[in-house]
Structure formats: C-alpha cells, structure tokens
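What follows is a single structure, written as structure tokens, with notes after it.
The values are calculated or read from the model by the stated rules, or taken from the named source; none is laboratory data. Every value quoted in this text rests on a predicted model; they were computed, and no experiment measured them. Note that we place each Cβ from the backbone using ideal geometry, even for glycine, and neighbour counts take in every protein chain shown.
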Amino acid sequence: MPLVKHDADITNTITKQIHSLSRPFKRRDDATGDRDRRLLRAHQRHCGRREHRIRGSRLKRAVDVVIAAALLVILTPFLLLIMLAIKLDSPGPALFFQRRRGLDDVEFYICKFRTMKVLEDGPVVSQAQRNDPRVTRMGRLLRKSNIDELPQLFNVLKGEMSLVGPRPHAVAHDEMYRNLIEDYALRLRVFPGITGWAQINGWRGETRDVRDMKERVRMDLWYIECWSIWLDLFILLQTPMKAFHKKAY
C-alpha cells in the first residue's frame, strides 16, 4: 500500500496511514497483540524488504545533503554560542566524539555537544538516567531539547549517517543488545539517523528493561520495511514537535 495516493492531500494521507500502520507497536493485551502481529506480518509481506532501496536511494542522500548543509549554514551562529556556553558551564571540550556502528556494522565517530562531566567510550558505557549527576547544567537543557544532537549534521554530510534512520547506540550497547535481541543487528542494514520513527513515537532515552529496547528495535524494523521518502519527510516534520519529551534527560 503506498503511503501517498495520487491527487490526494499529502500531509493528511501520510498522517492517517502512518498512524494506522504503527498501531501494532502499541502496548496491547495478549489477544490483541497476536492479532496485531498477524496484521504486521501480512503488511511486511506486502511491503517486502526495502533495505536495498534505502541504501541505494539517491533521492534520500540528496535530501540529506541539502537539508544538512542548509541547517548548518543557518544555525552556525547558534551552534557557536552553544559551544561557548558549554565551555563556560563546565571544564572540558565543547564537542564529544563517541564510537558508534553504522551501515554494515562499520564503526564511526559520532559528534555531539558534550552534556556530561565524563567522556565514556569504553567497553562499559552507562546510560544517562533521570537526575544523573554526570550531566552538566547546560547538558540538561541540551539533552531535554535534543539540541545536543545537532553536530551530527556533520556526520550526515560525511556520509556516515542519514537525517532519518535507526538511532545509533554506543558500541558497548550494541554488543550487549545484539546478544539479547534476535533481530537487533538488522538495524545495521541501513544508515543510522539523527532522528527516527522510534524517537517520534516516544521510544527514546534510557532503556531500563530489555523489553524497552525490543520495542525500539520493532519500530526501527518497521521503518526499514516500509520506508519511503514521504515517510522520511513526515518524521522530519514531526521531530521538532516531539523534541521536548519526558524520557529525555
């Protein structure tokens, strides 16, 4: 089923169909969950695998480059002010680089504004928690608003990330969850993103239980199965409206 019908209102059509297709991912009782899983499998058969379409989409890459470059030009003064505020708020660098895994399990260094007093990138990386003492005063504001992710626009221009895709996790977390969740590694079939389907649906922040990560992975796999450029644009439009979220800290 196409996400957009010809000669129909694009925004309304995308919104209605995306919310309809996302219903299987809501928490349900067992009976409803079984029915939704059957519906999801049927939809996946109809959609077919789309990893190769995403990876080879020149249109997706063009959208990434144009939007990322435009945002960097427009936001440069704002980004410089944030870097100055970080330096004045606490000792340490303004930017933080951490190893992540991208397309086909290839490691790269993700770029973020530093929001913590520590710079973890080893075999053990502790997730940020509510009222985490490691988070700086400036860091709390940046994390709450997702502004700390803006330097990843450089990762997009370098071809390491996309604007939209499964969020990349710390390498230490990848190692842990790929042994606990059967389909976890399937997320690495496409480029990771600054934002994604899971994030605009509330699956972000700390994963206290492996079930939380399973739900996030389910969202990521749905995105891969049903990708289209219209879905990407919908997610990009929704992201600013979902920037402040109770799970962001």
Show the residue pairs meeting these rules: Cβ distance below 8 Å; 6+ apart or different chains; first residue within the stretch 215-242 and farther than 21 Å from E149 by Cβ; second residue among the hydroxyl-bearing types (S, T, Y). W222/S22; I229/S57
Select from the stretch 126-141 the residues that are modelled with pLDDT of 85 or more and either charged (D, E, K, R) or part of a loop (DSSP other than H, G, I, E, B) (or both) and list them in ascending order. P133, R134, T136, R137, R140
Just one of the numbered conditions (1) modelled with pLDDT under 95; (2) touching a helix residue (DSSP H, G or I) at 6+ places or on another chain (Cβ under 8 Å); (3) part of a strand (DSSP E or B) is not true of R49; which one? (3)
Any chance K144 is in a strand (DSSP E or B), closer than 27 Å to G202 by Cβ, of a type outside the set (G, A, S) and within 22 Å of the chain's Cα centre (by Cα): no
Residues that are out of contact with any Asp or Glu (no Cβ under 6 Å at 6 or more places or on another chain), β-branched (V, I, T) and buried (at least 16 other Cβ atoms within 10 Å of the Cβ), drawn from the stretch 121-160: V125, V135, I147
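Residue by residue, here is whether (1) touching a strand residue (DSSP E or B) at 6+ places or on another chain (Cβ under 6 Å); (2) under 20 Å from G102 (Cα atoms) holds:
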position	(1), (2)
V135	yes, no
L142	yes, no
S162	yes, yes
H173	no, yes
M176	no, yes
Y184	no, yes
I194	yes, yes
I need a count of the residues in the stretch 91-120 that are in contact with a helix residue (DSSP H, G or I) (Cβ under 9 Å, 6 or more places away or on another chain), surrounded by fewer than 16 Cβ atoms within 10 Å (Cβ to Cβ), of a type outside the set (A, V, I, L, M) and at negative phi. 5
I'd like to know if the stretch 76-91 contains one or more residues that are assigned to a strand (DSSP E or B) and at pLDDT 90 or above. no
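Residue by residue, here is whether (1) basic (K, R); (2) farther than 22 Å from I110 by Cβ; (3) in contact with a Pro (Cβ under 8 Å, 6 or more places away or on another chain) holds:
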{"site": "V156", "(1), (2), (3)": "no, no, no"}
{"site": "M176", "(1), (2), (3)": "no, no, no"}
{"site": "L180", "(1), (2), (3)": "no, yes, no"}
{"site": "L186", "(1), (2), (3)": "no, no, no"}
{"site": "R189", "(1), (2), (3)": "yes, no, no"}
{"site": "E206", "(1), (2), (3)": "no, no, no"}
{"site": "L221", "(1), (2), (3)": "no, no, no"}
{"site": "W230", "(1), (2), (3)": "no, yes, no"}
{"site": "T239", "(1), (2), (3)": "no, no, no"}
